[in-house]
2 protein chains.
Amino acid sequence: MSVSPVREALARLVATGLVTAEHNLGYRVAPLSADDLKDLVDTRVREEAWALRQSIGNGDEMWEGRVLASLHVLERLPRENPDDQTLYNEAWEKRHSDFHHALISECGSKLTLAFCENLRDLNDRYRRLSLVLEGGARNAATEHRAIAVAAIERDAPRAIEALSSHYLATAQYLLETYAE
Amino acid sequence: MSVSPVREALARLVATGLVTAEHNLGYRVAPLSADDLKDLVDTRVREEAWALRQSIGNGDEMWEGRVLASLHVLERLPRENPDDQTLYNEAWEKRHSDFHHALISECGSKLTLAFCENLRDLNDRYRRLSLVLEGGARNAATEHRAIAVAAIERDAPRAIEALSSHYLATAQYLLETYAE
DNA sequence: ATGTGAAAAACTTTCGAAAGTATGGCGATA
DNA sequence: TATCGCCATACTTTCGAAAGTTTTTCACAT
């Protein structure tokens with residue numbers, strides 16, 4: 001490839017916040033920081049809490065079906081890469097993303113949904129880092145099921161509580177590990 | 001200029017949502033629609049309401065000063081372009097943006113602030129369109145002062161109410177005008 | 001008149017090189 | 001030894017053209 005398409009790709013990453021750019025100084029991987037992570041998780045919890053509440057209010061049985069379906073396929077996949085423990089299981093990552101998307105998909109606001117998507121992409125770097133460190137000690141599968149069940153039972157406060165603690169747990173672990 | 005920097009600029013506009021891109025079909029101005037405007041205003045009111053409440057809670061006297069300063073310079077400028085009525089007064093537009101930024105600047109979340117900035121950019125096309133149609137009938141200056149005063153008096157509910165109706169009024173006018 | 005398909009035209013994307021800009025090294029000077 | 005300025009080098013950005021893709025045109029057959 002020549003530089004043109006590479007620059008184009010980098011420009012997109014700058015837009016998401018994963019990469020930073022400075023004129024005549026090129027592109028850099030956006031730095032990770034505790035402050036960034038805090039902002040990220042707080043904002044994400046706030047946005048997705050709203051979106052989940054809306055989805056629970058708006059969603060029909062088709063939505064319930066999509067939530068259950070995405071949970072089902074997620075539960076059937078191992079989080080670890082079967083071939084190489086040091087690599088991620090990209091299939092699981094994709095399903096995981098799909099599951100969280102399904103939950104909030106009926107919130108009724110494309111802009112909010114796009115923002116949540118963006119926040120998820122930003123958070124993924126931290127989550128994957130946490131995955132390496134804690135080595136899958138936490139039982140994410142149980143948490144996912146709890147969120148889905150509460151959502152389908154239209155218990156918004158319980159669903160939001162489950163979702164929030166799901167997001168906060170990973171961040172908390174990282175923040176404490178790197179507290180120094 | 002050659003195509004490279006133009007494409008780079010377009011890529012940025014795609015990121016904000018002002019321009020859409022399709023592979024091998026180039027770039028297009030993102031279409032305007034009633035549904036988009038509704039989503040935009042609702043999301044914006046929700047985000048800025050939260051951000052304003054936080055700012056009112058966090059902001060110190062320096063923040064109050066910045067809000068008053070930006071209101072002051074805004075009030076000293078005419079909204080219309082003195083040279084040509086059919087053009088915008090870009091100086092006023094800049095100050096207007098600064099004023100709304102100052103209000104929410106102490107919300108404590110860079111991500112939320114960036115999202116609000118993005119929403120403002122998206123909304124600007126509709127607001128400017130509304131400006132042409134209603135020809136400055138509404139008294140925006142009064143509304144701005146009401147928001148600023150309530151914010152500085154730390155009256156969050158009143159400030160949020162003033163800000164929300166400020167945003168909703170413009171959108172409502174457009175939606176009714178194009179109701180057909 | 002209507003539809004089909006090939007050729008031409010217009011447009012989008014990618015390329016390799018040129019131009020422009022920052023960085024690091026080195027010698028001269030204080 | 002430290003500082004400054006210059007030059008060489010490495011890197012970033014921009015350029016004009018080539019390659020690739022979509023759209024339009026037009027002749028031809030139905």
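Mind counting the residues in the stretch A:3-38 that are on the phi > 0 side of the Ramachandran plot and within 13 Å of DNA strand C (Cβ to nearest atom)?
The number of residues fulfilling the criteria is 2.
Taking the stretch B:38-48 on its own, how many of its residues are among the hydrophobic types (A, V, I, L, M, F, W, C) and within 11 Å of chain A (Cβ to nearest Cβ)?
Selection size over the stretch B:38-48: 2.
Would you confirm whether any residue within the stretch B:46-60 is hydrophobic (A, V, I, L, M, F, W, C), surrounded by 15 or more Cβ atoms within 10 Å (Cβ to Cβ) and touching a Lys or Arg at 6+ places or on another chain (Cβ under 9 Å)?
Within the stretch B:46-60 (the criterion being hydrophobic (A, V, I, L, M, F, W, C), surrounded by 15 or more Cβ atoms within 10 Å (Cβ to Cβ) and touching a Lys or Arg at 6+ places or on another chain (Cβ under 9 Å)), the answer is yes, since at least one residue qualifies.
Only one of these conditions is not met by residue B:37: (1) outside the structural domain of residue B:113 (by TED's automatic domain parsing); (2) away from DNA strand D (no atom under 16 Å from the Cβ); (3) farther than 16 Å from residue B:117 by Cβ. Which number is it?
Answer for residue B:37: the failing condition is (1).
Name the one entry in A:166, A:101, A:72, A:96 that is free of Cβ contacts under 8 Å to residues at least 12 places away in the same chain and either within 14 Å of another protein chain (Cβ to nearest Cβ) or assigned to a helix (DSSP H, G or I) (or both).
On the way: A:166 fails: free of Cβ contacts under 8 Å to residues at least 12 places away in the same chain; A:101 fails: free of Cβ contacts under 8 Å to residues at least 12 places away in the same chain; A:96 fails: free of Cβ contacts under 8 Å to residues at least 12 places away in the same chain.
Answer to the check: A:72.
Take residue B:11 and decide whether it is under 18 Å from residue A:10 (Cβ atoms) and outside any helix (DSSP H, G or I).
So residue B:11 fails the test.
Looking only at the stretch A:14-32, count how many residues are more than 10 Å from DNA strand D (Cβ to nearest atom) and either polar (S, T, N, Q) or at the interface with another protein chain (Cβ under 10 Å from one of its Cβ atoms) (or both).
5
Would you confirm whether or not the stretch B:26-36 contains a residue that is in contact with a Gly (Cβ under 8 Å, 6 or more places away or on another chain) and aliphatic (A, V, I, L, M)?
Yes, because at least one residue in the stretch B:26-36 is in contact with a Gly (Cβ under 8 Å, 6 or more places away or on another chain) and aliphatic (A, V, I, L, M).
Would the stretch A:78-90 turn up any residue that is in a helix (DSSP H, G or I), surrounded by 14 or more Cβ atoms within 10 Å (Cβ to Cβ) and of a type in the set (Asp, Glu)?
no
Quick check, is residue B:11 modelled with pLDDT under 95 and outside the structural domain of residue B:110 (by TED's automatic domain parsing)?
yes
Of all residues being among the β-branched types (Val, Ile, Thr) and modelled with pLDDT of 95 or more in the stretch A:115-171, which is nearest to residue A:43 (Cα to Cα)? Just the residue, please. It would help to see each step written out before you state the result.
In the first step, residues of the stretch A:115-171 are kept if they are among the β-branched types (Val, Ile, Thr); the result is A:132, A:142, A:147, A:149, A:152, A:160, A:170.
From what's left, modelled with pLDDT of 95 or more: A:147, A:149, A:152, A:160.
Details: A:147: 19, A:149: 24, A:152: 24, A:160: 14 Å.
Filtering first and then ranking leaves A:160.
Kindly establish whether residue A:51 is within 14 Å of chain B (Cβ to nearest Cβ), within 16 Å of DNA strand D (Cβ to nearest atom) and aliphatic (A, V, I, L, M). Can you show your working first?
Numbers: within 14 Å of chain B (Cβ to nearest Cβ): yes; within 16 Å of DNA strand D (Cβ to nearest atom): no; aliphatic (A, V, I, L, M): yes.
In short, no.
Given the condition surrounded by 16 or more Cβ atoms within 10 Å (Cβ to Cβ), assigned to a loop (DSSP other than H, G, I, E, B) and more than 14 Å from the chain's Cα centre (by Cα), answer yes or no: does some residue in the stretch B:146-162 qualify?
no
Which of the residues spanning the stretch A:1-13 are within 13 Å of DNA strand D (Cβ to nearest atom) and either of a type in the set (D, E, K, R) or out of contact with any strand residue (DSSP E or B) (no Cβ under 9 Å at 6 or more places or on another chain) (or both)?
Residues satisfying the conditions are A:1, A:2, A:3, A:4, A:5, A:6, A:7, A:8, A:9.
Can you work out which of the residues in the stretch A:104-122 that are aliphatic (A, V, I, L, M) and without any contact (Cβ under 8 Å) to a residue 12 or more places away in the chain is farthest from residue A:77 (Cα to Cα)?
Looking only at the stretch A:104-122, we keep the residues that are aliphatic (A, V, I, L, M), and these are A:104, A:111, A:113-114, A:119, A:122.
Right, trim to without any contact (Cβ under 8 Å) to a residue 12 or more places away in the chain and you get A:111, A:114.
Details: A:111: 31, A:114: 26 Å.
Ranking the candidates gives A:111 first.
When you go through (1) surrounded by fewer than 18 Cβ atoms within 10 Å (Cβ to Cβ); (2) closer than 17 Å to residue B:144 by Cα; (3) at pLDDT 95 or above; (4) not charged (D, E, K, R) one by one for residue B:30, which number turns out not to apply?
Going through (1) surrounded by fewer than 18 Cβ atoms within 10 Å (Cβ to Cβ); (2) closer than 17 Å to residue B:144 by Cα; (3) at pLDDT 95 or above; (4) not charged (D, E, K, R) one by one, residue B:30 breaks only (2).
The values are calculated or read from the model by the stated rules, or taken from the named source; none is laboratory data. Values in this document were obtained by computation on a predicted structure and should not be read as measured data. With ideal geometry, Cβ positions are generated from the backbone for all residues, glycine too; neighbour counts draw on all protein chains shown.
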